[in-house]
């Protein structure tokens, strides 16, 4: 596996009008220390962004879902993670309102699958250029603010390594590059590009895994989407999942440290599943995040996937009172409250 020698030596450093109170940010100016800010690539200078995909698969409109989730956790989100597909134009009017909320602006993380009926190779060859140009025109007219954008997230389980499939890892990299370069050529300069991996050892062990990466010039952040399944006990185990079947794999965060030392890392989706025989698991897990997050300074954004009906179980953070309190404490922690969201 590529980078094994390097990785062996790598040491992990280990707003809206809410009816409930929300956590406020500490004033660096009052304490005499410099105020925390965000870069043009939306990298917070202090701590990490706190965000979520709220109430997914409930059918709730995005504003209702986010306000509901923020009320439930007693804190506001820095980042709203939303999903779009095909010819949909984004951000929607509702998403724009949330981003521009004068009381509590939010960053948008937009997750776009450009097509379900075109292969990556076809998209890279220009098959969707008219769709990309239409989207670019909409973005220029509608949303000049900076936002996160990821393309066809978690591509690993969609790879077809057969020659001519149009869905090889190299085809994904070419698709990603093509879409980004077309958007830029059409005047979209405000999209902060995120490459989102699944974060699972079995896919990272594939011989084509390294071929997925589109290139530093079109990727601003790298991301993973790990979930706390039966193999995971705490946050350390979540971001550095390993398996005995893949002894050369060091874990995703360690790999990202070695492979992308200069790029911020986003945990773009993470969730904790119910454990029927262990009702206190969510509480213990959320408490582990609070204890362990500072071991991972390259992680600059943590976005929870909040859903009572996720494909593999219930990831709602407040399905029990202990988990609810621990998650609320995590959401209010100063580490996630240090850098203000840039105002439009």
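Every read-out reported here was derived from the displayed coordinates using simple, explicitly stated rules and does not represent laboratory data. Note that the structure is a prediction, hence the values are computed from the model and not measured. With ideal geometry, Cβ positions are generated from the backbone for all residues, glycine too; neighbour counts draw on all protein chains shown.
Some points to look at:
- Sites residue 35 and residue 206, calculated FRET efficiency, Cβ-Cβ separation with R0 41 Å, nearest 0.05: 0.40
- The calculated 222 nm mean residue ellipticity attributable to helices in the chain amounts to -8500 deg cm²/dmol, summing -39500 (n - 2.57) over DSSP H runs of n ≥ 4 and dividing by all residues.
- The stretch 234-344 - percent relative contact order, Cα under 8 Å, separation 6 or more: 27
- When each of the peptides 131-142, 329-340 is scored by how many other beta carbons lie within 10 Å of its residues on average, the order from highest to lowest is 329-340, 131-142.
- Cα gyration tensor category, rounded, prolate or oblate, for the stretch 43-336 with a/c compared to 1.5: oblate
- Ordering of 180-186, 61-67 by packing [mean C-beta count within 10 Å, highest first]: 61-67, 180-186
- Prolate/oblate/rounded label for the stretch 157-232 (Cα gyration tensor, a/c 1.5): oblate
- Across the stretch 43-336, the relative contact order, built from alpha-carbon pairs under 8 Å that are at least six residues apart, equals 21 percent.
- Working from Cα pairs under 8 Å separated by at least six residues, relative contact order for the stretch 101-164 is 58 percent.
- Packing-based ranking of 94-103, 233-242 yields 233-242, 94-103, ordered from highest to lowest mean Cβ neighbour count within 10 Å.
- Global form of the stretch 72-166, assessed from the alpha-carbon gyration tensor, a/c cut-off 1.5: oblate
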